[in-house]
1. Of all the residues that make up the range A:92-120, how many are within 11 Å of chain B (Cβ to nearest Cβ) and touching a Pro at 6+ places or on another chain (Cβ under 8 Å)?
2. Quick one: which residue in A:ILE128, A:ILE193 is surrounded by 20 or more Cβ atoms within 10 Å (Cβ to Cβ) and out of contact with any Ser or Thr (no Cβ under 9 Å at 6 or more places or on another chain)?
3. If I filter the range B:2-13 down to residues being more than 8 Å from chain A (Cβ to nearest Cβ) and either at pLDDT below 90 or within 13 Å of A:ILE273 (Cβ to Cβ) (or both), which single residue comes out as farthest from the chain's Cα centre (by Cα)?
4. Which of the residues belonging to the range A:14-41 are at pLDDT 95 or above and hydrophobic (A, V, I, L, M, F, W, C)?
5. Among A:ARG81, A:ARG89, which is away from chain B (no Cβ under 14 Å), of a type in the set (Lys, Arg) and part of a helix (DSSP H, G or I)?
6. Report yes if A:GLN245 is out of contact with any Lys or Arg (no Cβ under 7 Å at 6 or more places or on another chain), crowded, with 18+ Cβ neighbours inside 10 Å and of a type outside the set (Phe, Trp, Tyr), otherwise no.
7. So, of the residues in the range A:239-265 that are in contact (Cβ under 8 Å) with a residue 24 or more places away in the chain and hydroxyl-bearing (Ser, Thr, Tyr), which turns out to be farthest from A:VAL191 (Cα to Cα)?
Amino acid sequence: PESADLRALARHLYESYLKYFPLTKAKARAILSGKTSDSAPFVIHDMKSLLEGEQMINSRQMPAQELRRAEMSVMHEVELRFFHSCQSRSAEAVSEVTEFAKSIPGFVSLDLNDQVTLLKYGVIEVLIIMIAPLMNKDGTLISYGQIFMTREFLKSLRKPFCEMMEPKFEFSVRFNALELDDSDMALFLAVIILSGDRPGLLNVKPIEDLQETVLHALELQLKTSHPDSLQLFAKVLQKMTDLRQLVTDHVQLIQLLKETEVDWCLHPLLQEIMRDLY
Amino acid sequence: KEKHKILHRLLQNSSSPVDL
């Protein structure tokens, strides 16, 4: 009976994962390997293709007049504009992760301040995990899979923009080697969110209890669906240590951008998350 | 609470889209 409960929990989290996250690993891998009936993604590999692709990135919010201005503006602003649209997407993704968190059984019964703390500290880790399936060693899908941006192009941007994604690529290549599927990912994301050691938590016990249950479900699922992958559960959990370092470095880079880029403004939701984070 | 206004709103609003 206990393992039936754990399976039910795994199924529930997988369903809310599918409900709240627009681009699954299965879909992303199909796009990346060309095994989809949809058209191939538009490739951004230089400034010219970035300018062309910007229309697609911003198609949902950028009016024609803005677009003309964008086309006329100097290259120097291209990075800023691109990272501005990255921020909008990130803010949107934060709200998707929030909805996913709320769907974890017991989460909304936690102290509201603790819910905020769990999201504040967990959400960038979750986003880094979620971008991994969109990446391969040569680049990453963006804009819901409509665009493929090459790793070389991201590396060619001016400092410090060029330093933002490279550590995520390195992590992703290692993480993708574990070959988790979407249902494994759903459980792992819940484990990350339910971390009882985040600074400033008021009531740790109920969070640890929830995490314990999800950990059991993850362990059971990995054993069942990847029987030949030795120590997979331990290897997945080890990735949580790498994530903390990645987030610390990311927040430092954002801090640097704030100091060096006069035109830089951080999305208010991302500001809330990053302020006094580490 | 003031420091995390939007996060609070996201957590408390169910289904209604929050103006991000």
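1. Final tally of qualifying residues: 3.
2. The unique qualifying residue is A:ILE193.
3. Filtering first and then ranking leaves B:GLU2.
4. Scanning the range A:14-41 gives A:LEU18, A:PHE21, A:LEU23, A:ALA26, A:ALA28, A:ALA30, A:ILE31, A:LEU32.
5. Answer to the check: A:ARG81.
6. Criteria not met by A:GLN245.
7. In this case the residue turns out to be A:THR260.
Listed here are the residues, each with its yes/no results for (1) modelled with pLDDT under 95; (2) under 16 Å from the mean Cα position of the chain (by Cα).
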position: A:ASN136; (1), (2): no, yes
position: A:LEU157; (1), (2): yes, no
position: A:PHE175; (1), (2): no, yes
position: A:ASP182; (1), (2): no, yes
position: A:ILE192; (1), (2): no, yes
position: A:LEU201; (1), (2): no, no
position: A:VAL204; (1), (2): no, no
position: A:LEU215; (1), (2): no, no
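The values are calculated or read from the model by the stated rules, or taken from the named source; none is laboratory data. Owing to the predicted nature of the structure, the values given are computational and were not obtained by experimental measurement. Counting neighbours? That spans all protein chains shown, and the Cβs are built from the backbone with ideal geometry, glycine included.
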